[in-house]
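Engineer: Here it is: the structure, laid out below.
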Amino acid sequence: MSRVSGRSCIVTGGAQGIGRAIGEALLEEGAQVCFADINADKVAEVADANAARAAAVGSKVTHAAVDVTNREQVRAMIAHTVEQFGRLDVKFNNAGVNRPMNFLDVTEDNWNFIMGINGLGCMIGMQEAALQMIAQGQGGKIINTASIASRQGFDNVAPYCASKWAVVSLTQSGARDLAKHDITVTGFAPGVVATEMWEQVDQDLMEIGAAERPGQAMEEFSAEILKGRVATPKDITGTTTFLASRDSDYMTGQIIMIDGGMTLV
């Protein structure tokens with residue numbers, strides 16, 4: 001039996017990139033997975049594409065459209081998952097955004113957009129998942145997506161860095177408060193990962209004059225990776241499945257770096 005067999009999981013930001021890879025890796029090991037994303041059509045396609053994968057291991061898959069900053073929608077997503085799977089065991093707060101701006105050009109709208117989804121969205125997701133787990137009375141796991149940007153600031157993505165530092169703080173605060181309910185709160189911090197989000201960041205940095213050609217930003221950010229290459233989403237999922245499994249039951253309040261040795265802390 002696999003480490004996550006039968007566990008009921010939600011992965012936000014599940015329509016693409018790291019979120020999709022997390023959900024698919026969980027399915028492969030027998031978990032029941034709700035892929036959730038603000039992009040309703042795309043997340044439905046992801047769930048449909050994984051139906052056979054789930055059936056092959058005797059598991060289930062579903063999907064939900066959700067704006068993680070909207071508490072009622074988050075509650076509805078959790079209720080849908082419980083209706084489909086019977087309970088909620090693991091909640092990945094993975095949805096996140098970035099919109100680079102040079103430091104002196106950052107606006108209130110830019111700050112609020114990024115901090116709302118990455119910070120407030122994480123907190124609401126943690127709270128509502130915890131309330132469901134407490135009601136069930138058998139503990140659970142909450143897992144948050146941080147970043148190398150949660151360990152140091154970068155000049156063209158200051159609000160993003162601040163939002164990911166907030167994720168670290170929320171992880172620690174949640175771990176302290178929820179331990180009495182046997183709910184662990186952990187997180188992971190990816191580095192440079194070849195995803196659709198990084199492609200958009202690359203384009204955005206060119207538009208604000210921080211890069212001159214396609215691919216330059218990724219090359220510069222990844223120049224000091226000790227492993228010598230950027231990550232793929234699959235490089236992340238060994239750790240995320242571990243965090244969702246019983247093997248991590250004695251871990252809480254911690255952020256695991258998965259950056260190929262880019263940031264040594």
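Readers should treat all values here as calculations from the given coordinates under stated rules, not as data from a laboratory. Quick caveat, the model's predicted, so the values are computed rather than measured. With ideal geometry, Cβ positions are generated from the backbone for all residues, glycine too; neighbour counts draw on all protein chains shown.
Engineer: Report ³J(HN,Hα) in whole Hz for each residue of region 186-196, in order, from the Karplus equation J = 6.51 cos²θ - 1.76 cosθ + 1.60 where θ = phi - 60°; Gly and Pro get x.
Structural biologist: With coefficients 6.51, -1.76 and 1.60, one gets 9, x, 9, 10, x, x, 8, 10, 6, 9, 4 Hz.
Engineer: Mind listing the phi-derived Karplus ³J(HN,Hα) values for region 218-225, rounded to whole Hz, using 6.51, -1.76 and 1.60 with θ = phi - 60°, and x for any glycine or proline?
Structural biologist: 5, 4, 6, 5, 9, 4, 9, 6
Engineer: Further, regarding this structure: Can you work out the Karplus-derived ³J(HN,Hα) for every residue in region 236-246? Use 6.51 cos²θ - 1.76 cosθ + 1.60 with θ = phi - 60°, whole Hz, and x for glycine or proline.
Structural biologist: Rounded to whole hertz, the list is 8, 6, x, 6, 5, 5, 4, 5, 7, 9, 5.
Engineer: Between K227 and residues 5 or more places away or on another chain, which pairs have amide H atoms under 5 Å apart, with H built 1.01 Å from N, and which residues are they?
Structural biologist: So K227 has HN proximity to no qualifying residue.
Engineer: List the residues whose amide H sits under 5 Å from the amide H of I258, counting only those 5 or more places along or on another chain, with H placed 1.01 Å from N in the peptide plane.
Structural biologist: Excluding prolines and chain starts, which carry no amide H, the hits are A189, G191.
Engineer: Going toward the positive end of the dipole of the chain, with +1 on Lys and Arg Cβ and -1 on Asp and Glu Cβ, which of A244, V192, G125 do you reach last?
Structural biologist: After comparing all options, I get A244.
Engineer: Can you tell which of G13, A47, S173 lies farthest toward the positive end of the dipole of the chain, using +1 and -1 charges on the Cβ of basic and acidic side chains (Lys, Arg; Asp, Glu)?
Structural biologist: Result: S173.
Engineer: Please give the per residue volume of the convex hull enclosing the alpha carbon atoms of the chain, rounded to a whole number of Å³.
Structural biologist: Taking only Cα atoms, the chain has a hull volume of 122 Å³ per residue.
Engineer: Same structure, new question: Using a simple charge model, +1 on the beta-carbon of Lys and Arg, -1 on the beta-carbon of Asp and Glu, nothing else, what dipole does region 199-265 show about its Cα centre, in debye to the nearest 20?
Structural biologist: In debye, rounded to 20, region 199-265 gives about 360.
Engineer: Moving on to the next point. So how strong a dipole does the chain carry about its Cα centre when Lys and Arg Cβ are +1 and Asp and Glu Cβ are -1, to the nearest 20 debye?
Structural biologist: With only Lys, Arg, Asp and Glu charged at Cβ, the dipole is about 1060 debye.
Engineer: While we're looking at this one, here's another question. Based on DSSP, what percent of beta bridges with both residues in the chain are antiparallel, to the nearest 5?
Structural biologist: Among the beta bridges of the chain, antiparallel pairing accounts for roughly 0 percent.
Engineer: Related question: Could you tell me the calculated FRET efficiency between D177 and E220, based on Cβ-Cβ distance and R0 = 51 angstrom, to the nearest 0.05?
Structural biologist: The value I calculate is 0.85.
Engineer: Would you mind listing how long region 1-126 runs along its three principal axes, going by Cα atoms, in whole Å with the largest first?
Structural biologist: Reported extents, whole Å, longest axis first: 53, 27, 25.
Engineer: Report, in debye and to the nearest 20, how large the dipole of region 117-265 comes out about its Cα centre when Lys and Arg carry +1 and Asp and Glu carry -1 on their Cβ.
Structural biologist: Dipole about the Cα centre, nearest 20: 620 debye.
Engineer: Still on this structure, I have one more. If you average the C-alpha positions of region 192-265 and of region 92-158 separately, how far apart do those two centres end up, in angstrom?
Structural biologist: When both Cα centres are located, 16 Å separates them.
Engineer: Evaluate the relative contact order of the chain (contact order divided by residue number), counting alpha-carbon pairs under 8 angstrom at least 6 apart; express in whole percent.
Structural biologist: Averaging sequence separation for qualifying contacts and normalising by length gives 19 percent for the chain.
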